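Undergrad: I have a structure I would like to understand better, so I am pasting it below and will then ask my questions one at a time.
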Amino acid sequence: MAKLLLKNINKVYAGGVKAVDNFNLEVEDREFIVLVGPSGCGKSTTLRMIAGLEEISSGELYIGDRLVNDVAPKDRDIAMVFQNYALYPHMSVFENMAFGLKLKKVPKDEIEKKVKEAAEILGIEHLLDRKPKALSGGQRQRVALGRAMVREPKVFLMDEPLSNLDAKLRVQMRTEISKLHQRLKTTFIYVTHDQTEAMTMGTRIVVMKDGVIQQVDTPKNLYDNPVNMFVAGFIGSPQINFIDVTVVEDEGNLVLLMKNGTKLKVSDKHQRALREGKYLNKTVVLGIRPEHLHDASIDALSSNFNSIKTKVEVTELMGAEIYLHVKIDTAPSIARVNSKTETKLFDDVTLHFHYDKMLLFDKDTERAISF
Amino acid sequence: MKGKTKERVSYFFTHLFLIIVCLLTFIPIWWVLLTAFDKRVSLVSTEFLIYPRNPTVDNFIQVLSHPSFVTWLKNSFIFAAGTTIFSLTLATLSAYAYSRFDFPGKKAGLASYVIYMMLPTTAALVPQLLIVKYLGIKNSYLSLILIWSAANMAFAVWNLKGYFDTIPKSIEEAAIIDGASKFQVFTMIMLPLAKPALAITAIFIFTAPWTDYATSYLFLTDASKYTLAQGLFGWAADFKTVSWGVFCAGSIIMALPLTVLYLVFQKYIINGLTVGGVKG
Ligand SMILES: Nc1ncnc2c1ncn2[C@@H]1O[C@H](COP(=O)(O)OP(=O)(O)OP(=O)(O)O)[C@@H](O)[C@H]1O
Ligand SMILES: [Mg+2]
């Protein structure tokens with residue numbers, strides 16, 4: 001019922017800035033879609049076009065089965081939560097939440113009922129008489145959510161709603177918004193530049209860069225099979241390590257040759273892809289995530305693993321884990337290993353990784369070499 | 001320790017300075033009060049009194065019982081209130097437009113206000129006289145309301161625009177999504193939020209015609225339209241020697257409504273003056 005269809009959507013701002021470039025996306029009912037990408041990539045612009053706050057330069061936007069390009073925001077059946085909450089400072093929490101319903105001429109007792117209900121879900125019943133000024137950041141955010149809820153929209157739009165909160169509260173509100181999504185059973189479209197938020201909340205994630213969609217996928221697929229180096233680098237923390245290697249043939253098998261002479265084994269599937277793409281004797285980029293590098297002194301892998309010898313330059317203890325900053329060839333890299341390791345600063349270390357965990361990218365196009 | 005001494009010294013001098021400034025403003029006011037409540041005749045007496053030697057309210061009674069006093073008061077009020085309502089309405093609407101909409105000539109329009117503010121008002125007097133005559137509204141309330149409104153528009157628009165600029169756009173957008181029309185956004189969101197700025201702008205505008213003498217003196221020849229300032233001065237000057245006691249009593253009566261306004265809106269005035277620069 002609350003399906004959403006964005007068809008060839010473009011946005012060119014006055015002055016010629018192309019903020020969104022040929023955006024195509026189909027959102028199913030009850031999905032939690034997260035738009036993610038670096039600053040200025042056009043996330044907010046996309047969201048604001050869906051809301052109707054920004055005109056669509058070209059393309060078609062459907063909410064439900066209705067073309068809404070020229071429909072006023074209030075008639076689109078959407079609600080929006082803003083980064084700075086955008087509460088009405090001169091109204092009490094109750095009035096803030098009731099404002100939309102009042103304008104719709106909903107009967108008073110019904111307004112009261114709906115506001116109370118929403119307030120109860122959000123745990124802000126005791127704040128209904130207060131002005132926004134007298135609320136903490138987290139409480140304001142809840143009021144903003146409540147104001148959106150009482151309108152019972154088909155689609156919830158949220159633009160970085162948690163970025164003004166401190167780290168701890170952000171984590172807490174993250175789960176609360178996820179719960180709210182499960183409870184309300186409506187479509188959510190959520191903008192953030194924080195990949196952790198995207199990975200933990202989204203049922204599907206849209207990764208954008210310079211106004212162009214890079215990949216639309218589930219969190220797991222984005223993580224396992226990024227389509228290009230940008231997505232691979234954007235998803236995951238700490239960032240994935242990229243190492244330039246040359247594809248060479250060794251006793252009939254394709255292997256990856258590092259500059260220091262180390263040869264890395266490649267899975268059969270990857271070998272096939274490399275042969276098909278004619279990568280023999282060419283340089284490709286190896287991507288390996290920090291959490292897939294294991295300290296050989298504590299984690300022995302049984303088979304199909306590669307090892308790299310290097311030296312620890314910096315250590316960062318994170319609790320259960322320790323980040324070892326090393327150089328792999330010349331590329332600064334991070335290994336995220338169990339903190340029970342004995343490896344210390346400036347120690348020589350051997351890092352293992354399973355060859356199924358390797359990601360390979362074309363050096364020029366930066367696209368994944370896939371099988 | 002050293003920092004603390006330095007702090008104390010700077011505290012001392014700051015306050016000394018403030019006290020001197022207060023005295024400088026207060027002494028003339030005290031002088032006026034003394035003269036109004038004393039039986040003396042001369043304002044330029046050489047003796048300095050701390051309190052009235054012969055306290056009396058005769059001067060006030062004389063002013064209040066003047067046959068034209070009520071007329072003058074009414075006129076002043078009509079001029080001041082008319083100017084305030086007329087120019088505040090126009091200024092609020094245009095300040096909102098300047099703050100929120102993009103249109104050709106926006107920058108030029110705003111700049112022209114600044115240029116207007118830099119011109120001495122006297123430069124406009126002759127053309128204004130001619131315009132008033134041409135329109136055939138000489139000696140009418142409208143004539144001076146228009147002139148005073150024009151004089152205050154620049155300040156009012158800039159002040160209100162500055163305030164509107166500090167109201168985040170997302171608040172309006174939230175209201176639009178909530179279903180408010182453009183007009184409702186203006187009346188239900190922007191105007192209530194701009195109350196402090198509206199209050200201070202209104203008081204500033206109101207003060208101008210209320211305390212003016214020169215403009216009304218030039219434009220009004222019909223005694224029935226005289227303002228309080230004009231009437232009182234003309235009357236006080238009619239005595240063989242100017243009756244300063246009466247004159248000062250009149251001044252105090254004139255200043256009273258303004259004083260009350262300032263006191264009532266004090267909270268807003270301080271807000272309205274400072275909030276323009278601070279991003280909320
Ligand atoms: N009103 C505007 N006029 C002109 N250009 C704009 C306007 N709003 C945004 N842009 C430009 O469009 C591009 C996309 O902006 P947008 O706000 O959508 O980015 P974003 O992904 O939300 O970034 P952030 O994470 O910083 O919020 C940017 O290059 C920005 O400078
Ligand atoms: Mg944004």
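The values are calculated or read from the model by the stated rules, or taken from the named source; none is laboratory data. Keep in mind that what you see is a predicted model, and the values were worked out from it rather than measured. Glycine also receives a Cβ, built like all others from the backbone with ideal geometry; neighbour counts cover every protein chain displayed. Note: accessible area is taken over every heavy atom of the protein model, side chains too, but ligands, DNA and RNA are not part of it. Shrake-Rupley method; radii C 1.70, N 1.55, O 1.52, S 1.80 Å.
Undergrad: Within the stretch B:220-229, can you find the residues that are surrounded by fewer than 19 Cβ atoms within 10 Å (Cβ to Cβ) and in contact with a Ser or Thr (Cβ under 7 Å, 6 or more places away or on another chain)?
TA: Result: B:SER224, single match.
Undergrad: If A:LYS209 satisfies all but one of (1) more than 10 Å from the chain's Cα centre (by Cα); (2) within 16 Å of ligand 1 (Cβ to nearest atom); (3) within 14 Å of chain B (Cβ to nearest Cβ); (4) surrounded by 15 or more Cβ atoms within 10 Å (Cβ to Cβ), what's the number of the condition it fails?
TA: Of (1) more than 10 Å from the chain's Cα centre (by Cα); (2) within 16 Å of ligand 1 (Cβ to nearest atom); (3) within 14 Å of chain B (Cβ to nearest Cβ); (4) surrounded by 15 or more Cβ atoms within 10 Å (Cβ to Cβ), only one is false for A:LYS209: (3).
Undergrad: Out of (1) within 8 Å of chain B (Cβ to nearest Cβ); (2) touching a strand residue (DSSP E or B) at 6+ places or on another chain (Cβ under 9 Å), the odd one out for A:TYR62 is which?
TA: Failed condition: (1).
Undergrad: Of the residues that sit in the stretch B:174-216 and are surrounded by fewer than 16 Cβ atoms within 10 Å (Cβ to Cβ) and at pLDDT below 90, which one is nearest to A:PHE82 (Cα to Cα)?
TA: Once the filter is applied, the top-ranked residue is B:LYS195.
Undergrad: Here is a further query. Take the residues of the stretch A:82-100 that are at the interface with another protein chain (Cβ under 7 Å from one of its Cβ atoms) and without any contact (Cβ under 8 Å) to a residue 60 or more places away in the chain: which is nearest to A:THR46 (Cα to Cα)?
TA: Of all residues in the stretch A:82-100, those at the interface with another protein chain (Cβ under 7 Å from one of its Cβ atoms) come to A:82, A:84, A:86, A:88-90, A:99-100.
After this cut, where a residue has to be without any contact (Cβ under 8 Å) to a residue 60 or more places away in the chain as well, the list is A:86, A:88-90, A:99-100.
Numbers: A:ALA86: 19, A:TYR88: 25, A:PRO89: 27, A:HIS90: 30, A:PHE99: 26, A:GLY100: 23 Å.
Checked the stretch A:82-100; the qualifying residue nearest to A:THR46 (Cα to Cα) is A:ALA86.
Undergrad: Can you pull out the helices (runs of 4 or more DSSP H) entirely within the stretch B:128-231 that have at least 2 residues that are within 14 Å of another protein chain (Cβ to nearest Cβ)? Outline the logic, then answer.
TA: Working: elements: B:141-166, B:169-177, B:195-211, B:214-219.
Where helices (runs of 4 or more DSSP H) fall fully within the stretch B:128-231 and carry at least 2 residues being within 14 Å of another protein chain (Cβ to nearest Cβ), they are B:141-166, B:169-177, B:195-211.
Undergrad: Give A:THR218, A:THR187 a once-over and let me know the one that is away from every other protein chain (no Cβ under 14 Å), over 25 Å from A:HIS292 (Cα atoms) and more than 16 Å from ligand 1 (Cβ to nearest atom). Even if it seems obvious, please write down each step before you answer.
TA: Details: A:THR218 fails: over 25 Å from A:HIS292 (Cα atoms).
Checking each option against the conditions leaves just A:THR187.
Undergrad: I'm told A:LEU35 meets every condition in (1) away from chain B (no Cβ under 14 Å); (2) crowded, with 23+ Cβ neighbours inside 10 Å; (3) more than 16 Å from ligand 2 (Cβ to nearest atom) except one. Can you identify the failing condition by its number?
TA: (3)
Undergrad: Please find, within the stretch A:13-32, the residue that is nearest to the other protein chains (Cβ to nearest Cβ) out of those that are near ligand 1 (Cβ under 9 Å from one of its atoms) and of a type in the set (A, V, I, L, M).
TA: If we take residues in the stretch A:13-32 being near ligand 1 (Cβ under 9 Å from one of its atoms) and of a type in the set (A, V, I, L, M), then A:ALA14 is nearest to the other protein chains (Cβ to nearest Cβ).
Undergrad: Looking only at the stretch B:16-58, filter to residues that are modelled with pLDDT under 85 and among the polar types (S, T, N, Q); which one of those is most open to solvent (accessible area, probe 1.4 Å)?
TA: Looking at residues that are modelled with pLDDT under 85 and among the polar types (S, T, N, Q), I get B:THR46.
Undergrad: How many of the residues in the stretch A:44-78 are within 13 Å of ligand 2 (Cβ to nearest atom) and open to solvent by 10 Å² or more (accessible area, probe 1.4 Å)?
TA: Going residue by residue through the stretch A:44-78, those that are within 13 Å of ligand 2 (Cβ to nearest atom) are A:44-49, A:51, A:53-54.
Checking the rest, the ones that are also open to solvent by 10 Å² or more (accessible area, probe 1.4 Å) come to A:44-45, A:48, A:53-54.
Total satisfying the criteria: 5.
Undergrad: Given (1) open to solvent by less than 40 Å² (accessible area, probe 1.4 Å); (2) in contact (Cβ under 8 Å) with a residue 40 or more places away in the chain; (3) in contact with an Asp or Glu (Cβ under 8 Å, 6 or more places away or on another chain); (4) within 14 Å of chain B (Cβ to nearest Cβ), identify the lone condition not met by A:LEU103.
TA: (2)
Undergrad: Sticking with this one: I need the full set of residues from the stretch A:1-22 which are of a type outside the set (Lys, Arg), within 16 Å of ligand 2 (Cβ to nearest atom) and open to solvent by less than 20 Å² (accessible area, probe 1.4 Å), in order please. Break it down stepwise before answering.
TA: The initial filter retains those residues of the stretch A:1-22 that are of a type outside the set (Lys, Arg), namely A:1-2, A:4-6, A:8-10, A:12-17, A:19-22.
Going one step further and asking which of them are within 16 Å of ligand 2 (Cβ to nearest atom), we end up with A:13, A:17, A:19-20.
Correct list: A:ALA19, A:VAL20.
Undergrad: Kindly establish whether A:THR310 is touching a residue at least 24 places away in the same chain (Cβ under 8 Å), crowded, with 17+ Cβ neighbours inside 10 Å and not in a strand (DSSP E or B). If you could, list the steps in order and put the result at the bottom.
TA: On the way: touching a residue at least 24 places away in the same chain (Cβ under 8 Å): yes; crowded, with 17+ Cβ neighbours inside 10 Å: yes; not in a strand (DSSP E or B): no.
Against the criterion (touching a residue at least 24 places away in the same chain (Cβ under 8 Å), crowded, with 17+ Cβ neighbours inside 10 Å and not in a strand (DSSP E or B)), A:THR310 does not qualify.
Undergrad: Which of the strands (runs of 3 or more DSSP E) found entirely inside the stretch A:158-251 contain at least 3 residues meeting this: within 16 Å of ligand 2 (Cβ to nearest atom)?
TA: Values: elements: A:187-192, A:204-209, A:212-217, A:241-250.
In the stretch A:158-251, A:187-192, A:204-209 are the strands (runs of 3 or more DSSP E) which contain 3 or more residues that are within 16 Å of ligand 2 (Cβ to nearest atom).
Undergrad: Which count do you get for residues in the stretch A:118-131 that are open to solvent by less than 10 Å² (accessible area, probe 1.4 Å) and either at positive phi or assigned to a helix (DSSP H, G or I) (or both)? Even if it seems obvious, please write down each step before you answer.
TA: Taking the stretch A:118-131 and keeping what is open to solvent by less than 10 Å² (accessible area, probe 1.4 Å), we get A:118-119, A:124, A:127.
Remaining after also requiring either at positive phi or assigned to a helix (DSSP H, G or I) (or both): A:118-119, A:127.
Residues in the stretch A:118-131 being open to solvent by less than 10 Å² (accessible area, probe 1.4 Å) and either at positive phi or assigned to a helix (DSSP H, G or I) (or both): 3 in total.
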